[in-house]
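Below: one structure, written as structure tokens.
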Amino acid sequence: MEIIKKLLREKLFYVVLVIIFLINSAMNINKSQNADLLNDYYHPTSMVRDTTNGIEVEEGYAKNRRDSIINYALRLKGVPYRYAAKGPSAFDCSGFTCYVFKNFNISLPASSQLQSEFGEEIDTNEVRKGDILIFKSPSKGVNRVGHVGIAISNNNGKISFIHSSTSRGVVIDSLSHRHYNARYMGARRVLHDD
């Protein structure tokens, strides 16, 4: 009787081993035949339209920290503006930048004025995604910092940025737009990782 039990256990072990091998083989075949579908599932990409420039900005798989920050910011597009709001259901401009960077363990000062002094000052031609753009207040006659945004691209000097606009909430705009170009004061680099 012991011999029969032993044979059944050994055969059962081999049967289970063969079943595991067959399942693994089938999964590998399926994985290789559907690699593009799996890649799209695990690393989705979509295009977000920059309505000011009529260009599309890729959203999705992040290659580095800057990409991750921009992808996160793009997901907040459409969130409404509210004075002094720090998110996530509404933002003012500095609340938006603080919220985005905080999610990547980067603490920015709470106000646009203080953000304009944070990090390293850079020339406009050096702007990269993830840099902070500084703007004058939109109030006439006021010549101090009053607005900030996050650069999302710099294509041969055509800089797009995402920010919380008082009238439109979180949106993408172009630095070349006359409203923002006239108020632009400079840029700050707060990321030094790439």
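What to note about this one:
- FRET efficiency for R144 and S68, using Cβ-Cβ distance with R0 set to 35 Å, rounded to 0.05: 0.65
- Between N105 and S137, the modelled labels are 3.7 nm apart [label points 7 Å from Cα along Cα→Cβ].
- Within region 143-193, the trypsin sites (Lys or Arg not before Pro) that combine a DSSP coil assignment with at most 11 other C-beta atoms in a 10 angstrom radius are R144.
- Label separation (T166 vs T124): 2.3 nm, computed from points 7 Å beyond Cα along the C-beta direction.
- FRET efficiency for Y184 and L114, using Cβ-Cβ distance with R0 set to 25 Å, rounded to 0.05: 0.85
- Per-residue Karplus couplings for region 116-125, computed as 6.51 cos²θ - 1.76 cosθ + 1.60 with θ equal to phi - 60°, are listed in order as 5, 10, 8, x, 10, 5, 10, 6, 4, 5 Hz, Gly and Pro entered as x.
- Here's how it looks for F91: its modeled amide H is under 5 Å from those of Y81, R82, which are all 5 or more places away or on a different chain.
Where a number appears in this text, it was derived from the coordinates with a stated rule and is not lab data. Given the structure is predicted, the values throughout are model-derived calculations rather than measurements. Methodologically, a virtual Cβ is constructed for each residue, glycine included, from the backbone with ideal geometry; neighbour enumeration extends over all protein chains shown.
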